[in-house]
Amino acid sequence: MKLGIIGLPGSGKATTFEALTHNIQDIQNKAEDRIGTIRVPDQRVGILHQMYQPKKTIYAQVEYFLPSSAGQKKAKDNPAMIFNPVRDCDALIQVIRNFKTYGEEAPSPKKDYMTLEGEMILSDLLVVEKRLERLELDAKRGKKGTPEELALLAECKTCLEKDLPIRSHPDLAHSPLLRGFAFISGRPLLVLFNNMDEDNDPPVDASGIENAMVIRSKLEQELAKMSEEEAKEFLAEFGITESAMDRVILKSYDLQGMISFFTVGEDEVKAWTLKKSTPAVEAAGVIHSDIQQGFIRAEVLAYEDLMAAGSYAEARKKGTVRLEGKTYEVKDGDIINFRFNV
């Protein structure tokens with residue numbers, strides 16, 4: 001699960017990346033792409049660890065990608081290519097400046113949001129038009145195209161020409177036939193309004209923006225430099241229960257419709273990531289293809305039921321451990337033991 005970080009120059013993308021990933025560079029090398037993997041905060045994993053005392057405990061993970069500014073400069077004259085570095089990302093984080101910078105104009109967060117949204121729409125429109133031209137040329141040469149693809153591309157063109165991102169039409173954004181185009185405006189988007197000083201920064205107008213949060217990336221970057229214990233003490237001093245970056249990570253996870261199910265035991269407690277509404281047989285394949293192939297039943301216990309019972313054995317006595325078949329849709333927090341035979 002990979003999220004690309006985008007934003008206009010000076011918005012604080014690198015600072016946000018470092019705050020999220022704890023990947024701090026004193027001297028930033030803007031010529032290189034940067035990737036950081038971070039675990040998804042989930043207190044359920046910690047509680048299961050305490051309960052089972054396993055040899056290994058593994059959290060769900062999310063990857064953040066910050067493309068180099070050098071690569072973006074190369075593509076500056078070609079709007080269709082400017083977002084190429086993040087086209088393989090599952091979702092995007094847009095960082096928007098909402099702080100005053102010496103020598104710069106006052107921040108215009110809503111305007112900056114619309115500017116980048118417009119660039120994404122234009123980039124996708126150029127991709128659609130190029131493909132439609134190719135299909136038209138092929139048709140003249142007697143090569144038959146796919147009517148379904150042609151119809152979907154025509155819908156995309158209509159949508160984009162109305163200045164609407166493809167993500168505003170979920171049927172287009174999630175169409176298997178369009179997956180290969182990796183439309184940038186079809187990606188789920190989390191917008192982060194970046195403040196520096198919460199007392200003096202102007203208020204944010206987030207009206208009409210579906211997924212938006214306010215952060216203070218410089219403060220969060222400083223927290224990332226601290227030890228876990230120091231960061232907890234700092235947050236407690238100001239009465240803050242969690243860092244904003246934890247909320248961003250959780251929102252990143254949820255943005256893509258992801259959930260976690262758990263496998264537990266003395267050897268390992270692990271959180272596994274999959275899409276909402278995934279059937280049990282496919283969830284088994286996330287662990288190993290052999291388990292999916294030889295799937296018999298899934299022994300399922302909801303996390304809340306385990307907590308209410310106090311132990312797996314007690315939950316079994318209460319009848320909250322149940323057997324489910326292939327089509328059972330895995331729920332967030334399910335603890336699953338797959339029965340299989342190969």
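The values are calculated or read from the model by the stated rules, or taken from the named source; none is laboratory data. Just so it is clear, the structure is predicted and the values come from calculations on it, not from any experiment. As a convention, Cβ positions derive from the backbone with ideal geometry for all residues, glycine included, and neighbour counts pool all protein chains shown.
For the stretch 130-145, the condition of being touching a residue at least 40 places away in the same chain (Cβ under 8 Å), within 30 Å of D205 (Cβ to Cβ) and either of a type outside the set (D, E, K, R) or out of contact with any Gly (no Cβ under 7 Å at 6 or more places or on another chain) (or both) holds for none of the residues.
Looking at S227, is it among the hydroxyl-bearing types (S, T, Y), over 20 Å from I47 (Cβ atoms) and touching a helix residue (DSSP H, G or I) at 6+ places or on another chain (Cβ under 8 Å)? Break it down stepwise before answering.
On the way: among the hydroxyl-bearing types (S, T, Y): yes; over 20 Å from I47 (Cβ atoms): yes; touching a helix residue (DSSP H, G or I) at 6+ places or on another chain (Cβ under 8 Å): no.
Taking the combined requirement at face value, the residue does not satisfy it.
Residues of the stretch 138-177 that are more than 25 Å from L189 (Cβ to Cβ), in a helix (DSSP H, G or I) and either modelled with pLDDT under 90 or β-branched (V, I, T) (or both): D138, A139, K140, P147. Taking the criterion of being in contact with a Ser or Thr (Cβ under 9 Å, 6 or more places away or on another chain) and among the aliphatic types (A, V, I, L, M), the residues of the stretch 308-342 that qualify are A308, A309, V330, I335, I336. Looking across the stretch 245-260, just one residue is over 15 Å from A60 (Cβ atoms) and without any contact (Cβ under 8 Å) to a residue 40 or more places away in the chain, and that is R247.
Scanning the stretch 232-260 for residues that are assigned to a loop (DSSP other than H, G, I, E, B) and either hydroxyl-bearing (S, T, Y) or surrounded by fewer than 15 Cβ atoms within 10 Å (Cβ to Cβ) (or both), which turns out modelled with the highest pLDDT? I'd like the intermediate steps shown before the answer.
First pass over the stretch 232-260, keeping only residues assigned to a loop (DSSP other than H, G, I, E, B): 238-243, 256-257.
Subsequent filtering for residues that are either hydroxyl-bearing (S, T, Y) or surrounded by fewer than 15 Cβ atoms within 10 Å (Cβ to Cβ) (or both) retains 238-243, 257.
Numbers: F238: 72, G239: 76, I240: 76, T241: 75, E242: 77, S243: 83, G257: 90.
Here the answer is G257.
Within the stretch 287-335, can you find the residues that are in a strand (DSSP E or B), hydrophobic (A, V, I, L, M, F, W, C) and surrounded by 13 or more Cβ atoms within 10 Å (Cβ to Cβ)? Result: F295, I296, A298, V300, L301, A302, I335.
Those residues that are under 22 Å from R39 (Cα atoms) and touching a Phe, Trp or Tyr at 6+ places or on another chain (Cβ under 7 Å), I need them from the stretch 285-298; list them, please.
Quick first cut of the stretch 285-298, residues under 22 Å from R39 (Cα atoms) only: 285-288.
Selection gives V286, I287.
For S277, the test of being modelled with pLDDT under 95 and either within 31 Å of the chain's Cα centre (by Cα) or farther than 23 Å from D42 by Cα (or both) is passed.
Of the candidates T320, T263, T327, the single residue that is closer than 23 Å to T57 by Cβ and at pLDDT 95 or above is T263.
Against the test of being modelled with pLDDT of 90 or more, of a type in the set (D, E) and within 30 Å of G265 (Cα to Cα), the options D42, D124 yield a single qualifying residue, D42.
Look at E198 and say whether it is closer than 24 Å to H49 by Cα, at pLDDT below 95 and surrounded by fewer than 12 Cβ atoms within 10 Å (Cβ to Cβ). Here the answer is no, as E198 does not meet what is asked.
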